[in-house]
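*Asks:* I have a structure here, written as structure tokens, and I will follow up with some questions on it.
The values are calculated or read from the model by the stated rules, or taken from the named source; none is laboratory data. Just so you know, these numbers come straight off a predicted model, no measurement behind them. All Cβ positions, glycine included, derive from the backbone under ideal geometry; neighbour counts span all protein chains shown.
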Amino acid sequence: MRGSTLVLLAAIIGIGVTATAPKADAQVGVEVGIGVAPDCPYGYYDVPPYACAPYGYYGPEWFAGGIFIGAGPWFHGAKEFTGHVNNRFHPDHGYKGPAPKVGDKPEPNKRIETMRFKGNEVRDGRGNVVKGKR
């Protein structure tokens with residue numbers, strides 16, 4: 001009887017210790033390899049996962065000859081570069097509308113050179129909002 005009491009007491013202490021032990025959070029490592037910039041007809045969002053942005057998100061200063069010059073980790077323009085965006089077309093601001101897929105070609109009737117752009121924010125080429133500019 002004394003042996004079973006000791007086993008029972010040890011089990012209770014063991015359960016108590018494990019129940020009150022601090023919870024160990026698992027360490028999660030995420031490595032993002034930056035390869036080639038996405039081939040998007042109207043540019044790509046400047047935050048991961050760098051999905052294609054819809055026509056009208058970027059202003060014309062982000063394009064050269066109708067080709068998107070880049071944003072995010074692939075942009076290597078001048079440090080002082082800034083360009084307008086219409087962040088209403090950004091998923092972080094609630095946009096759930098259509099967007100092209102990587103590799104899609106621009107629609108002929110949606111040429112950047114002739115678009116009537118309505119930007120509401122100025123960003124640098126690395127995705128940072130530039131304060132005091134509109």
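*Asks:* Just a yes or no: is a residue in the stretch 80-94 assigned to a helix (DSSP H, G or I), at negative phi and hydroxyl-bearing (Ser, Thr, Tyr)?
*Replies:* no
*Asks:* Tell me yes or no: at least one residue of the stretch 34-41 is within 28 Å of Gly132 (Cα to Cα), surrounded by fewer than 18 Cβ atoms within 10 Å (Cβ to Cβ) and modelled with pLDDT of 55 or more.
*Replies:* Taking every residue of the stretch 34-41 in turn, none turns out to be within 28 Å of Gly132 (Cα to Cα), surrounded by fewer than 18 Cβ atoms within 10 Å (Cβ to Cβ) and modelled with pLDDT of 55 or more.
*Asks:* Looking at Pro48, Pro73, can you tell me which residue is at pLDDT below 90, closer than 19 Å to Arg126 by Cβ, assigned to a helix (DSSP H, G or I) and out of contact with any helix residue (DSSP H, G or I) (no Cβ under 6 Å at 6 or more places or on another chain)?
*Replies:* Pro73
*Asks:* Hey, another quick one. Going by what's in this entry, would Asn86 be described as free of Cβ contacts under 8 Å to residues at least 60 places away in the same chain, over 24 Å from Gly35 (Cβ atoms) and buried (at least 18 other Cβ atoms within 10 Å of the Cβ)?
*Replies:* yes
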